[in-house]
Amino acid sequence: MGARPKLLITRRIFPEVLERLDANFDIVSNQADDEWSAADLLARVADRDALFVVASDRVDRALLDAAPKLRVVSTGSVGYNHIDLAACKARGIAVGNTPEVLTEATADMAWTLLMAAARRVSESERWLRDGQWKRWAFDQFLGADLFRSTLGIIGMGRIGSAVARRARGFEMTVLYSNRSRAANEAEVGAQYVERDELLARADHVVLVLPYSQATHHTIGERELSLMKPTATLVNIARGGIVDDAALARALKAGRIAAAGLDVYENEPALNPELLDAPGVVLTPHIGSATRSSRVGMAMLAADNLIAFFEGRPMPAQVPLG
Ligand code: 8YV
């Protein structure tokens, strides 16, 4: 048997996944989950044939230039906007990702944020914990109805479809907008409308579209001004799809009522204006964070690597155009 391919893993991964990879690769891994500087990463990738990253690792030209032997990048995420695909293509580097295994957990999280934000769960809990609950009042923490309301979903891929299917139980009218008409719109019970119409008609808007230059600030000042003042906005997609500063201003001015956010521009740094905006529920990019989903993601990222070096098709390969 020839030398085993050299693999760098940038984050702590589950023991069962590490064990599987260990049988196939010569591994340098960050099981201590230390903060690696950009320079640390460049130094560690220099002699590697394969790279296992997550969505917060930037795979750009500088990194690829520092890794002349690299043949494959496998990301433990469905999103791949952190990877320079054109640069990978130019160097003949294959890219793998992890669709499907996280669809249902992420759709559940969209609903978690939607319900928590619409019904002011975080805000009222903070108030209660602060010892401010002295008496009950009819008009305390009035939120927005979900049952028989109108849900607008922007992005009707796998996760958007899973969000739409869940709306049946709430007897909602589901509108969606997307780059193109979704073939499954009848099956998921969603009606296609132009984005501006969706923003104007929806009581709740959920963003589930991939980030790219074309989707940067899909929701900004203008779009927020089209929404109802009682509306809820949920972003479980990617930071940068929403203009966070514009959103904080809209919440503070009462131009929309609530927002549930799992992703941010420049995360893990947060726009401080979001922290004291009313009606926001904030979570730290945990959309796919259930054990089965995260183990599934790590295992699929590992399977992509193993298949690549065995000369088989990767179970989830990103098309490089
Ligand atoms: C990941 C995600 O947990 O899959 C994605 O694209 O955003 C999340 O599911 C996160 O990005 C870590 O890689």
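The values are calculated or read from the model by the stated rules, or taken from the named source; none is laboratory data. On a predicted model such as this, the values are computed, not experimentally measured, just so you know. Glycine also receives a Cβ, built like all others from the backbone with ideal geometry; neighbour counts cover every protein chain displayed. Surface areas here come from the heavy atoms of the whole protein model, side chains and all, with no ligands, DNA or RNA. Shrake-Rupley method; radii C 1.70, N 1.55, O 1.52, S 1.80 Å.
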May I ask you to give the average projected area over all directions of the convex hull of the Cα atoms of segment 103-282, in nm² rounded to one decimal? 10.4
Distance between the C-alpha centers of segment 277-321 and segment 9-28? Whole Å please. 15
Globularity index of segment 100-162, i.e. its alpha-carbon radius of gyration over 2.2 N^0.38 Å: 1.47
Keeping the other protein chains in place, figure out the carbon and sulfur percent of the accessible area of the chain, with a 1.4 Å probe. 52
Here the net charge surrounding ALA162, from other residues whose Cβ is less than 11 Å away from its Cβ (Lys, Arg +1; Asp, Glu -1), is 0
Might you tell me the accessible area per residue for segment 103-282, computed with a 1.4 Å probe and given in Å²? 49
Candidate lysines for bridging to LYS6, where Cα separation is under 17 Å - those fewer than 8 sequence places away on the same chain excluded: LYS69
Taking 0.36 nm per residue of sequence separation and subtracting the Cα-Cα distance, how much length would be gained by fully extending the chain between ARG168 and GLN191, in nm to one decimal? 7.0 nm
In sequence order, calculated HN-Hα J values of segment 316-321 (Karplus, 6.51, -1.76, 1.60; Hz; x Gly/Pro): 9, 9, 7, x, 9, x
Counting pairs of alpha carbon atoms under 8 Å apart in space and at least six apart in sequence, what relative contact order in percent does the chain give? 18
If we restrict to alpha carbons, what Rg and Dmax does the chain come to, in Å? 21.4, 74
How many angstrom lie between the Cα centre of segment 118-190 and the Cα centre of segment 224-248? 14
Which loop GluC sites (Glu not before Pro) in segment 1-51, with loop taken from DSSP, have no more than 16 other Cβ atoms within 10 angstrom of their Cβ? GLU35
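Whole number please: convex hull volume per residue, Cα atoms of segment 1-133, in Å³.
Value for segment 1-133: 163 Å³ per residue.
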Total charge dipole magnitude, segment 103-282, about the Cα centre, Cβ charges on Lys, Arg, Asp, Glu only, Debye to nearest 20: 340
Over all distinct alpha-carbon pairs, what is the Kirkwood Rh of segment 238-321 in angstrom? 15.5
